[in-house]
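In what follows, a structure is listed as structure tokens, so that the remarks can point back to it.
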Amino acid sequence: MSETKFTPRVFSGIQPSGGLTLGNYLGAIKRFVDMQNKGTFQTVYCMVDMHAITVWQDPARLRHNTRELAAGFIAAGLTPEKSILINQSQVPEHAQLAWIFNCVARMGWMGRMTQWKDKAGKDAEAASLGLFAYPALMAADILVYHATHVPVGEDQKQHLELTRDIAAKFNHDFGVDFFPMTEPVIEGAGMRVMSLRDGSKKMSKSDPSDASRINMTDDADAIAKKIRKAKTDPEPLPDTVAGLKDRPEARNLVNIYAALSDTTAEAVIAEHAGAQFGTFKPALADLAVARLAPISAEMSRLMADPAEIDRILARGAEQAREITAPILKKTYEIVGMVGA
Ligand code: AMP
Ligand code: TRP
């Protein structure tokens with residue numbers, strides 16, 4: 001199937017289910033900004049509140065977290081002039097297409113998703129039906145825009161493969177060439193930011209130790225302190241990236257440095273070969289503060305005026321529906337729904 005008939009369009013989403021970490025910033029938001037500024041793509045970025053409620057969310061917290069995530073997007077450099085910024089539930093075509101996809105996707109496909117297995121845990125019977133169907137809604141998020149590229153962290157790769165499976169099965173079942181085979185975009189040093197306390201675990205907002213992560217709302221002092229206290233080993237930095245093998249904590253700090261300064265781990269090692277952590281950590285802390293403190297300050301400024309955030313999201317939803325309404329209408333026609 002030809003991919004050229006589709007407008008180059010990027011879609012990605014983040015759940016408003018808690019605070020943002022440096023992992024979300026380097027693995028997702030910073031790359032969203034880069035793709036926006038490249039100018040090659042139309043870009044659509046989404047707070048996926050309907051995905052968030054697949055596990056319990058306190059309503060007041062959900063509202064707060066959705067606005068805070070929007071503030072994080074904007075503070076990091078996404079602008080409503082260049083990107084369509086939306087909250088998922090405000091663009092009803094996502095949920096409408098998701099229902100069609102619930103009827104295309106197979107139970108067996110969903111049951112194999114590692115995120116489902118991790119999140120449902122031992123008691124899958126007690127998990128919500130929404131949690132099981134989560135990847136079909138994610139496929140709908142993407143395909144209701146005919147998005148061609150999706151920047152995500154490595155943990156989302158399996159869901160992107162499933163999105164292609166759903167698109168292919170829909171096209172095959174109805175004998176059409178309607179949905180594109182979306183490409184995941186998984187690249188760069190920020191793809192796997194690890195915990196500052198344990199280099200084998202992902203940096204996560206759900207880690208009980210606050211010292212394990214840098215939160216996007218941390219101030220300069222907190223950021224610097226967490227980096228100074230980050231777990232490392234006693235060796236100086238090696239002179240090749242290969243020398244970081246079996247040194248997960250050292251490798252993580254080098255990767256974070258590389259992602260924050262828009263360069264590669266190779267370049268960081270070339271510059272800091274032989275450095276002790278006593279000198280590398282303060283350099284990293286300065287860099288992190290220089291990059292993150294302005295974002296966190298801008299987030300607080302934006303959060304002081306939630307009505308302005310709501311206006312941006314309402315406008316984004318209108319722009320989004322110009323794309324999604326015709327694609328959903330065409331889907332309904334293909335499926336045989338009267339009135340489409
Ligand atoms: P989550 O907060 O887990 O819903 O993730 C939102 C986005 O941030 C996804 O694209 C993830 O892949 C990305 N992300 C989350 N944590 C990390 C991490 N530690 N390293 C890199 N990317 C991450
Ligand atoms: N599942 C993604 C995550 O947990 C969030 C998400 C929902 C998403 N819909 C999407 C990401 C569409 C990319 C494209 O991070």
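For residue 91, the criteria (1) within 16 Å of ligand 1 (Cβ to nearest atom); (2) crowded, with 19+ Cβ neighbours inside 10 Å; (3) farther than 22 Å from residue 165 by Cα hold in every case but one, which is (1). Which of the residues spanning region 36-57 are of a type in the set (A, V, I, L, M) and within 13 Å of ligand 1 (Cβ to nearest atom)? Result: 47, 48, 52, 55.
If you go through region 133-151 and pick out every residue that is over 18 Å from the mean Cα position of the chain (by Cα) and more than 18 Å from residue 49 (Cα to Cα), you end up with 1.
Pairing each residue of region 181-196 that is within 15 Å of residue 163 (Cα to Cα) and assigned by TED's automatic domain parsing to the domain that holds residue 167 with any residue that is part of a strand (DSSP E or B) and within 8 Å of ligand 1 (Cβ to nearest atom), provided the two are 6+ apart or on different chains, yields C-beta distances under 6 Å for 185/151. Per the conditions (1) within 18 Å of residue 54 (Cα to Cα); (2) more than 16 Å from ligand 2 (Cβ to nearest atom); (3) of a type outside the set (Lys, Arg), the sole criterion not satisfied by residue 195 is (1). Residues in region 200-235 that are under 21 Å from the mean Cα position of the chain (by Cα) and touching a residue at least 24 places away in the same chain (Cβ under 8 Å): 12 in all.
From the list 32, 101, the one residue that fits, being over 30 Å from residue 284 (Cβ atoms) and either modelled with pLDDT under 95 or crowded, with 19+ Cβ neighbours inside 10 Å (or both), is 101.
Results for (1) in the same structural domain as residue 26 (by TED's automatic domain parsing); (2) at pLDDT 95 or above; (3) not basic (Lys, Arg), shown as yes or no for each residue.
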residue	(1), (2), (3)
161	yes, yes, yes
173	yes, yes, yes
178	yes, yes, yes
202	no, no, no
218	no, no, yes
221	no, no, yes
225	no, yes, no
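Residue 19 fulfils the conditions (1) under 21 Å from residue 161 (Cα atoms); (2) at pLDDT below 95 except for a single criterion, (1). Under the condition of being closer than 13 Å to residue 55 by Cα, free of Cβ contacts under 8 Å to residues at least 60 places away in the same chain and surrounded by 15 or more Cβ atoms within 10 Å (Cβ to Cβ), the residues counted in region 110-132 number 5. Would you call residue 27 more than 15 Å from ligand 2 (Cβ to nearest atom), in a helix (DSSP H, G or I) and small (Gly, Ala, Ser)? When the stated conditions are applied, residue 27 does not pass them.
Residues of region 252-268 that are assigned to a helix (DSSP H, G or I) and either crowded, with 20+ Cβ neighbours inside 10 Å or touching a residue at least 60 places away in the same chain (Cβ under 8 Å) (or both): 252, 253, 254, 255, 256, 257, 258, 259, 260, 265, 268. Sub-6 Å Cβ pairs linking a first residue in region 87-106 that is under 10 Å from residue 136 (Cα atoms) and among the β-branched types (Val, Ile, Thr) to a second residue that is modelled with pLDDT of 95 or more and surrounded by fewer than 21 Cβ atoms within 10 Å (Cβ to Cβ), at least 6 apart or interchain, are 104/169, ordered by first then second residue. With respect to (1) surrounded by fewer than 19 Cβ atoms within 10 Å (Cβ to Cβ); (2) small (Gly, Ala, Ser); (3) modelled with pLDDT of 95 or more, the lone exception for residue 212 is condition (1).
The values are calculated or read from the model by the stated rules, or taken from the named source; none is laboratory data. Nothing here was measured: the structure is a model prediction, and the numbers come from that model. A quick note on method: Cβ atoms are made from the backbone with ideal geometry, for glycine too, and the neighbour counts reach across all protein chains shown.
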